[in-house]
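Q: Have a look at this one before I ask anything.
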Amino acid sequence: MSEGLPPRVGVLALQGDVREHVRMLRELGATASLVRRPGDLEGVDGLVLPGGESSVIDKLARAFGMQQPIRDAIAAGMPVYGTCAGMIMLADRLDGAIAGQETFGGLDVTVRRNAFGGQAESFETALAVAGDDDGWDVPVEAAFIRAPLIVEAGAGVRVLATLPSGGIVAVEQGHLLATAFHPEVSGERRFHERFLAHVREARASAR
Ligand code: GLN
């Protein structure tokens, strides 16, 4: 019945670049709402975890009682897209976590926080992305800001992009999508479009 309805996407709004994601999702025709409390998850078909500071997002998520509901939603197959700190929050394993830092998990990867030291802390680069659907022939202008890197990925994880150094910076596993960079900052739409395709697919198969 919800065939023609726009996908309803929540953006976890505890800390980070929430507004940029909301703007991008609305430009792409989705309904975007802010998620701060467990009840806010009820009306959404997918969730975006923004960039920001993962240790702060983790602390606030636990303080607001959001950790378990989000873990449950991921386990139930809800599509989730995490950028940068959001990617860290999706990782099953962390390298360089602060003491006691936890994640939601779901992605069978090890993520190294702040993987680029010194001058390379923030940079932009053109990335080739291995999306099999149309539209990936033009490289992605990727903005890395104190970015993490995936240093190990399980067999069920599809690698979508790597840096020339071999570092993994975009992955997909089931309905989970993660990038170490920030398409919402550079105006790059294709990852959000790919995520919305997951949301539509998950919604269709839930009926
Ligand atoms: N370094 C941040 C962290 O560890 C991530 C930076 C970002 O999201 N731009 O959470």
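The values are calculated or read from the model by the stated rules, or taken from the named source; none is laboratory data. Bear in mind the structure is a predicted one, so any value in this text is a computation, not a measurement. Glycine gets a Cβ as well: all are built from the backbone with ideal geometry, and neighbour counts include every protein chain shown. Accessible surface is based on the protein model in full, side chains and every heavy atom, while ligands, DNA and RNA are left aside. Shrake-Rupley method; radii C 1.70, N 1.55, O 1.52, S 1.80 Å.
Q: Efficiency by 1/(1 + (r/R0)^6): what FRET value for Ser205 and Glu124, r their Cβ-Cβ distance, R0 = 45 Å, to the nearest 0.05?
A: 0.75
Q: Give me the 1.4 Å probe accessible area per residue for region 1-129, excluding ligands and nucleic acids, in Å².
A: 44
Q: Using the Karplus curve 6.51 cos²θ - 1.76 cosθ + 1.60 with θ = phi - 60°, what ³J(HN,Hα) values do you get for each residue of region 35-51, in whole Hz, with x for Gly and Pro?
A: 10, 10, 10, x, x, 5, 6, 4, x, 10, 9, x, 9, 10, 9, x, x
Q: Now a separate question. Return the carbon/sulfur percentage of the accessible area of region 60-207, one whole number, probe 1.4 Å, all protein chains in place.
A: Working: 3240 of 6320 Å².
In region 60-207, the share of accessible area belonging to carbon and sulfur is 51 percent.
Q: On to the next question. If you find the alpha carbon centre of region 84-102 and of region 168-195, how far apart are they in angstrom?
A: Each part's Cα centre sits 17 Å from the other's.
Q: Just Phe116, Phe191, Phe181 to compare: in a GNM of the chain, with alpha carbon springs under 10 Å, which one fluctuates most?
A: Between Phe116, Phe191, Phe181, it is Phe116 that shows the largest mean-square fluctuation.
Q: Identify which of Ala76, Ala13, Ala153 has the largest mean-square fluctuation in a Gaussian network model of the chain, with springs joining Cα atoms closer than 10 Å.
A: Ala76
Q: Which far-off residues, 5 or more places away or on another chain, put their amide H under 5 Å from the one on Gly10, with H placed in the peptide plane?
A: Those qualifying (amide H under 5 Å, at least 5 residues apart or on another chain) are Ser33, Asp45, Gly46, Leu47, Val48.
Q: Sticking with this one: Which whole-number percent is the relative contact order of the chain (Cα, under 8 Å, 6+ apart)?
A: Working: 433 pairs, mean separation 39.7, N = 207.
Here the relative contact order equals 19 percent.
Q: Roughly what % of Cα-Cα distances in region 1-136 sit above 28 Å, to the whole percent?
A: On the way: 1829 of 9180 pairs.
Tail of the P(r) past 28 Å holds 20 percent of the pairs.
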